[in-house]
Amino acid sequence: MNARETVRSYYDALRAGDPLAPYVPDERDGDDTYVTFGVSERLVGSDRIREGLRTQTETTTDWRVTSRDLRVTERDDHAWFSDAVAMA
């Protein structure tokens, strides 16, 4: 699966209420490398991100996720993306 397909798969999992933790990589050597930003939160580290996603999934039903401007860049062993997403 390439990076674009992974992002779209994440959106599909979100809509379906499926677990989102598989999309969060493990930290290496206790390093809080990963950060996610939400409307009202900032989660640092894989464990906090997974917990936040788990809580979000448990407390929200019937997600509507609309991707309006997905841009993905891939390099040899990494990728990044940005998007304009509407969620309700």
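Values quoted throughout were computed directly from the atomic coordinates according to the rules given, and no laboratory measurement underlies them. Here the structure is a predicted model, which means the values were calculated and not measured. Quick reminder, even Gly has a Cβ in these numbers, built from the backbone with ideal geometry, and neighbours come from all protein chains shown.
Key figures
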item	result
Residues being more than 13 Å from the chain's Cα centre (by Cα) and either touching a residue at least 24 places away in the same chain (Cβ under 8 Å) or part of a loop (DSSP other than H, G, I, E, B) (or both) - total across the range 74-86	7
Matching residues in the range 11-66 - criterion: being part of a loop (DSSP other than H, G, I, E, B), free of Cβ contacts under 8 Å to residues at least 24 places away in the same chain and touching a Ser or Thr at 6+ places or on another chain (Cβ under 7 Å)	Pro25, Asp26, Glu27, Tyr34
Considering residues of the range 23-62 that are more than 15 Å from Val7 (Cβ to Cβ) and of a type in the set (Phe, Trp, Tyr) only, the residue surrounded by the most Cβ atoms within 10 Å (Cβ to Cβ)	Tyr34
